[in-house]
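Data block below; observations after.
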Amino acid sequence: MTDLVRAPGPVVMGVLNVTPDSFSDGGRYADLDAAVGHGVRLRDAGAHLVDVGGESTRPGAERIDAATEADRVLPVIRALTAAGVPVSIDTSRARVAEAALGAGAVVVNDVSGGLADPDMARVVRDAGCPWVLMHWRGHSRQMRELASYGDVVADVRAELSQRIDSALAAGVAADRIVIDPGLGFAKTAAHNWELSARLPELLDLGYPLLFGASRKSYLGGLLADADGTPRPTAQREAATVATSVLAVAAGAWGVRVHDVRATTDALAVWAATGSPRLTAGTEREGRR
Ligand code: PMM
């Protein structure tokens, strides 16, 4: 499973938020049986990983304590692992990550890229597991104020590069690192589109890249009604699929999505048409 980082084809990570207030699937999987059942369905639909998160990262969300977060995710991770479902733990807390790895998780997905908890690098290094380092500037409560950039792509690239250097300095192996632009995290819609359009500049860092646009509010804004009402989260699927396939075609290693079947179907079409790569202005050998 640790070879997932070097997977030959696009990796699909299915989202399983066990939070009462996630913006995208708002509390539907807060109950253990519902959560485990949904995780198994995501795997059956083609997810290579099921990403279990216990703390909402919705813009403006208040933090919960580590014990509450662990209590939400650990039973789900144990049950999914027992059912043979590969799990990533979506947390920025080292303590929760360590317990999740003990419960069977195989990947740490850290939306803070190691910034929120100085002990995370040690946990990941000792486990030898893949670590998704997402671009992040601060916790949900304050992230709207932090969406200020010169050139968003150059700034995100430089900040991701610092996170990579810090992970390497802490002894994390280079082949365990996955990067993520962090769409919607301290980013406006315009920032998200700019990052989507210029992924090759982030891919030039030389690490596999995870792309997580699924159902995010900038897609709702793009598809707003004539009166400006954003498209509701559940009706952003076609846009999610389109942007996810474009990201893979631009060279992304994987996508993090809620509706796994829709994305795997679209990726099957992309593969059947010869897995065409977009170059988006940068000459670069495609990665699969
Ligand atoms: N987005 C969310 C949560 N975790 N992890 C990674 N690596 N990348 C993301 O873009 C990301 C994430 C927030 O979305 P959700 O509330 O739908 O899970």
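Among the residues of segment 14-46, count how many are assigned to a loop (DSSP other than H, G, I, E, B) and either crowded, with 18+ Cβ neighbours inside 10 Å or modelled with pLDDT under 95 (or both). So that I can check it myself, show each step before the final result.
Our first condition is that a residue be assigned to a loop (DSSP other than H, G, I, E, B); within segment 14-46, this holds for 18-31, 45-46.
Those left that are additionally either crowded, with 18+ Cβ neighbours inside 10 Å or modelled with pLDDT under 95 (or both): 18-31.
Number satisfying all stated conditions: 14.
Could you tell me how many of the residues in segment 253-277 are outside any loop (DSSP other than H, G, I, E, B) and more than 24 Å from Val52 (Cα to Cα)?
Residues that pass the stated criteria total 5.
With Val106, Val132, Val124 as the choices, which residue is within 16 Å of the ligand (Cβ to nearest atom), surrounded by fewer than 23 Cβ atoms within 10 Å (Cβ to Cβ) and of a type in the set (A, V, I, L, M)? Before the answer, list the steps.
On the way: Val132 fails: surrounded by fewer than 23 Cβ atoms within 10 Å (Cβ to Cβ); Val124 fails: surrounded by fewer than 23 Cβ atoms within 10 Å (Cβ to Cβ).
Selected residue: Val106, the only one of Val106, Val132, Val124 that is within 16 Å of the ligand (Cβ to nearest atom), surrounded by fewer than 23 Cβ atoms within 10 Å (Cβ to Cβ) and of a type in the set (A, V, I, L, M).
Pairs only if they're at least six apart or on different chains, beta carbon under 7 angstrom, first in segment 65-87 and touching a residue at least 40 places away in the same chain (Cβ under 8 Å) and closer than 14 Å to Ala47 by Cα, second in a helix (DSSP H, G or I) and of a type in the set (Ser, Thr, Tyr); list them, first residue then second.
Val87/Thr81
Can you go through Ala70, Ala100 and tell me which one is closer than 26 Å to Ile164 by Cβ, away from the ligand (no atom under 11 Å from the Cβ) and part of a helix (DSSP H, G or I)?
On inspection, the qualifying residue turns out to be Ala100.
Going by the conditions given, is Ile77 touching a helix residue (DSSP H, G or I) at 6+ places or on another chain (Cβ under 7 Å) and in a strand (DSSP E or B)?
Criteria not met by Ile77.
Just need a number here: residues in segment 97-119 that are within 17 Å of the chain's Cα centre (by Cα) and not small (Gly, Ala, Ser).
Of the residues in that region, 7 qualify.
The values are calculated or read from the model by the stated rules, or taken from the named source; none is laboratory data. Here the structure is a predicted model, which is why all the values come from computation and not from measurement. All Cβ positions, glycine included, derive from the backbone under ideal geometry; neighbour counts span all protein chains shown.
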